[in-house]
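**Q** Mind having a look at this structure? Questions to follow.
Each value in this text was obtained by applying a stated rule to the coordinates, not by laboratory testing. Please read all numbers here as calculations on a predicted model, not as lab measurements. For neighbour counting, all protein chains shown are included, and Cβ atoms are generated from backbone atoms with ideal geometry for every residue, glycine included.
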Amino acid sequence: MGERARNRCRERLQSLAGADLDPEQARLAAIDELRRAVGFERWCWPLTDPASGLATSGIAEFDLWPTLPHLVALQEHGDIASKPSLVVGPRATVTLSAVTAGDMHRSRVWRECLDPYGIGDTLMAACRTREGCWGSVELMRDRDDRAFDEDEVRLLEDVAPILGTLLRRTLATSWHAEGGDAGAPPPGTLLLDRGLAQAGATPPMREWLERLNAAGGALPPAVYELGTRILARVAADAPHDLPARVRIRTPSGGWSVIEGAPLEGGDDVRVVITVRAATPDEVADVLCRAHGLTRRERELVDLLRSGLATKQMSGALGISSYTVQDHLKAIFDKAGVRSRRELLSRLVGAT
């Protein structure tokens, strides 16, 4: 691949990152550009919680559902390469052919989940920005095709931050806070055994699965990622300290949190998964990230949520009132609002 082709792909993706598209439209358009530049047969592109890297939803040109629970668990921990290593590591991309030195059988993901479908090499990239990781795109070639080469890997490494910005900006325009969720059920609890099979659940869990649009009572992929993350920590085998929590916006527009913890007893260690309504703080955090607010801007939003006036915020942060006003103007511009009331409504559902 020549430099001209790489530049053309990069420029087109940057244009998409600034376009008025919803997250799915943006990903489909980006896939077209990547396919033109790189070439691949199948793909999947889940969105993730920017703080934890755990899946919230996804689209794909490949039906992975029969092996999805096992696949996402292995990608979390247990394979020669893991998704969390891309979320927090020095590099945002990896290919199975490179990490296995050409012997794909060394990868459990390939051996147990991809090879049965005729898939060969896979190129994965974490879509990271300074605000967090917004998704992970996986490009797949058929078993008989050549592996991804260094130029193709370099291109995806180069555009991964652009893809992260594309996701962040499109999510910012489609996400919003809700003014409370009085209709949310009480927290639901699910028990998983060491094999991540369901070992019991409380009655509210069924209602939560329906709210999360989990077809046929199936569990969201994040549950298997969470279970694997918890078990790895219990075994002192986790190479990262990413949160064991994921915030998911339900199809109805509300916000939920799925989190995990170990349950120890007897000779076995099991995992407790809890689903509950998100708190205003949890919603505000993810929305501030989506709108690209800096740390100082997020501090101002927190003070604004506490009801402080400009002079009080100035004193709390040790900056002038003029600087506070400048920061607020920048926040309004990023969030697409004109007033403090509109800002709080968008970020926390306050009226």
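**Q** Where does the chain land at 222 nm, in deg cm²/dmol rounded to the nearest 500, when only DSSP H runs of n ≥ 4 count, each adding -39500 (n - 2.57), divided by all residues?
**A** So the helix-based figure for the chain works out to -13000 deg cm²/dmol.
**Q** Something else now. How do 294, 250 rank when sorted from fewest to most other Cβ atoms within 10 Å of their own Cβ?
**A** Numbers: 294 15, 250 18.
Least crowded to most crowded, the residues run 294, 250.
**Q** Is the C-alpha gyration tensor of segment 26-154 telling us rounded, prolate or oblate? Criteria: a/c under 1.5 is rounded; beyond that, a/b larger than b/c is prolate, otherwise oblate.
**A** rounded
**Q** So how do 252-259, 13-20 stack up, highest first, on mean other-Cβ count within 10 Å?
**A** Peptide ranking by packing, descending: 252-259, 13-20.
**Q** If you place +1 on the Cβ of every Lys and Arg and -1 on the Cβ of every Asp and Glu, how big does the dipole about the Cα centre of the chain come out, in debye to the nearest 20?
**A** Values: 44 positive and 49 negative charges, 255 e Å.
With only Lys, Arg, Asp and Glu charged at Cβ, the dipole is about 1220 debye.
**Q** Which value, in debye to the nearest 20, gives the size of the charge dipole of segment 64-114 about its Cα centre, when Lys and Arg are +1 and Asp and Glu are -1 at the Cβ?
**A** Working: 5 positive and 4 negative charges, 16 e Å.
Result for segment 64-114 is approximately 80 debye, rounded to the nearest 20.
**Q** May I ask for the equivalent-ellipsoid semi-axes of segment 190-303, computed as the square root of five times each C-alpha gyration tensor eigenvalue and listed largest first in whole Å?
**A** In descending order, the three semi-axes are 28, 20, 11 Å.
**Q** Scan the chain and note any complete DSSP helix (H) whose C-alpha atoms cover at least 18 Å along its axis and whose Kyte-Doolittle average is -0.5 or more.
**A** Membrane-span-like by this rule: 150-174, 221-234, 321-335.
**Q** Give the shape of the chain as rounded, prolate or oblate, defined through the alpha-carbon gyration tensor: a ≥ b ≥ c are the square roots of its eigenvalues, a/c under 1.5 means rounded, and otherwise the shape is prolate if a/b is larger than b/c and oblate if not.
**A** Cα axes put the chain in the oblate bin.
**Q** Tell me which aspartates and glutamates have Cα within less than 17 Å of residue 311's Cα, excluding those fewer than 8 residues away on the same chain?
**A** Those aspartates and glutamates meeting the cut-off are 297, 299, 302, 326.
**Q** Follow-up question, since we're still on this one. How many percent of the alpha carbon pairs in segment 293-348 exceed a separation of 15 Å?
**A** Taking all Cα-Cα pairs of segment 293-348, the fraction more than 15 Å apart is 39 percent.
**Q** Which is farthest toward the positive dipole end of the chain among 283, 95, 208, measuring Cα position about the Cα centre, with Cβ charges +1 (Lys, Arg) and -1 (Asp, Glu)?
**A** Of the candidates, 283 comes out farthest on the positive side.
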